[in-house]
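The values are calculated or read from the model by the stated rules, or taken from the named source; none is laboratory data. Only a predicted model underlies this, so the values are computations on that prediction, with no experimental measurement involved. Every residue, glycine among them, receives a Cβ derived from its backbone with ideal geometry; neighbour counts consider all protein chains shown.
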Amino acid sequence: MTTAPVADQRRLLEIQALDTRAAKLNHERRSLPVLETLAELESRLEDVRSAQVEERTVVADTRRELTKAEGDVEQVSQRAARHQARLDSGAVSAKEAQALQAELEQLARRQGDLEEVELEVMERLEEAESRLAQLGEQEDAIAADVARHTAARDAEWSAIDGQLASLVNERAAVVAKLEPALVALYDRVRERTGGLAAIALYGSRTEGTQLDFSLTELDAIHSAPPEQVVQHEDYGYIIVRMDPK
């Protein structure tokens with residue numbers, strides 16, 4: 001059976017109030033609206049960066065395709081230039097000149113087709129580079145939002161952490177006045193119940209949470225010696241008897 005001076009038992013209610021306040025602050029810290037906003041922004045930033053990776057691949061592939069198209073055009077152009085130079089030299093027979101002229105016409109058509117391909121690839125490259133630039137602008141804008149909201153989050157966390165530190169100091173000051181065994185009992189109960197350990201009882205009415213007592217239970221609680229630490233039979237809460245209001 002645990003015993004403690006009445007004043008010490010009542011100080012448990014001070015600790016409970018501080019712990020309840022700290023729990024609310026910790027919940028507030030985890031539930032700040034800015035955290036949801038940051039999570040959304042981080043998700044958008046991840047999506048944009050994934051899109052950038054894909055678009056960079058498209059740009060790289062299209063540039064290689066353009067290099068090949070330009071090479072094909074250049075190859076046909078050089079071949080046509082050589083044929084034209086032979087024709088212009090006058091050092092070919094009439095039959096060979098006729099054949100060269102026919103091939104020049106074919107090369108001209110071929111070059112026209114290849115230049116159309118080259119132009120189409122250039123247009124696709126320009127579009128891909130434009131999309132990549134737009135994604136870069138989106139990344140910069142979202143990153144700026146992330147930085148701004150991160151600063152807001154840190155400011156709110158700092159304010160809450162300051163209050164929590166103050167509560168820790170207040171709690172330590174109260175705990176220092178109590179016997180370790182009483183504090184240990186309080187902490188065990190609080191851990192078991194998930195936060196609530198000490199409940200004030202004013203006559204038949206509890207404060208902190210609603211508990212119903214039978215007349216027999218109330219009589220046993222109030223008839224117990226003042227220094228006896230009374231606990232609820234079902235939940236183990238420490239019942240701190242107070243003067244009726």
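Specify the residue that is surrounded by the fewest Cβ atoms within 10 Å (Cβ to Cβ); the eligible residues are those in the stretch 194-204 that are in contact with a helix residue (DSSP H, G or I) (Cβ under 6 Å, 6 or more places away or on another chain) and not aliphatic (A, V, I, L, M). Taking the candidates together, the pick is G195.
Report whether or not V146 is within 30 Å of R44 (Cα to Cα), surrounded by 13 or more Cβ atoms within 10 Å (Cβ to Cβ) and either modelled with pLDDT of 95 or more or not aliphatic (A, V, I, L, M) (or both). Answer is yes for this residue. Has the stretch 64-87 got at least one residue that is farther than 14 Å from Q111 by Cα, assigned by TED's automatic domain parsing to the domain that holds V117, of a type outside the set (F, W, Y) and outside any helix (DSSP H, G or I)? Among the residues of the stretch 64-87, not one is farther than 14 Å from Q111 by Cα, assigned by TED's automatic domain parsing to the domain that holds V117, of a type outside the set (F, W, Y) and outside any helix (DSSP H, G or I), which makes the answer no. Strands (runs of 3 or more DSSP E) fully within the stretch 170-245 that include at least 2 residues being more than 46 Å from the chain's Cα centre (by Cα): 238-242. Out of the stretch 209-240, which residues are closer than 24 Å to A22 by Cα and either in contact with a helix residue (DSSP H, G or I) (Cβ under 7 Å, 6 or more places away or on another chain) or hydroxyl-bearing (S, T, Y) (or both)? T209, Y235, G236, Y237, I238, I239, V240 - these are the residues of the stretch 209-240 that are closer than 24 Å to A22 by Cα and either in contact with a helix residue (DSSP H, G or I) (Cβ under 7 Å, 6 or more places away or on another chain) or hydroxyl-bearing (S, T, Y) (or both). State which residue pairs qualify: first residue without any contact (Cβ under 8 Å) to a residue 40 or more places away in the chain and inside the stretch 228-245, second residue buried (at least 19 other Cβ atoms within 10 Å of the Cβ) in any location, beta carbons under 7 Å apart, and separation of 6 or more residues or different chains. Note: pairs meeting the criteria are V230/I239; H232/I239. For A102, the criteria (1) assigned to a helix (DSSP H, G or I); (2) hydrophobic (A, V, I, L, M, F, W, C); (3) without any contact (Cβ under 8 Å) to a residue 12 or more places away in the chain; (4) surrounded by 14 or more Cβ atoms within 10 Å (Cβ to Cβ) hold in every case but one, which is (4). The residues listed here are E207, E191; of these, the one that is surrounded by 11 or more Cβ atoms within 10 Å (Cβ to Cβ), within 16 Å of L12 (Cβ to Cβ) and of a type in the set (D, E, K, R) is E207. Selection within the stretch 210-227: residues that are without any contact (Cβ under 8 Å) to a residue 40 or more places away in the chain and charged (D, E, K, R). The member of this set that is surrounded by the most Cβ atoms within 10 Å (Cβ to Cβ) is E217. Scanning the stretch 232-241 for residues that are of a type outside the set (D, E, K, R) and surrounded by 17 or more Cβ atoms within 10 Å (Cβ to Cβ) yields H232, Y237, I238, I239, V240.
Comparison of A22, A60, A39 shows that the only residue that is within 33 Å of the chain's Cα centre (by Cα) and either at pLDDT below 95 or not assigned by TED's automatic domain parsing to the domain that holds M122 (or both) is A22.
Just checking, does the stretch 138-152 include any residue being of a type outside the set (V, I, T), in contact (Cβ under 8 Å) with a residue 24 or more places away in the chain and under 30 Å from D19 (Cβ atoms)? Yes - at least one qualifying residue is present in the stretch 138-152. All of L12, L66, L32 fail the test of being surrounded by 14 or more Cβ atoms within 10 Å (Cβ to Cβ), over 23 Å from the mean Cα position of the chain (by Cα) and more than 30 Å from V121 (Cα to Cα), apart from L12.
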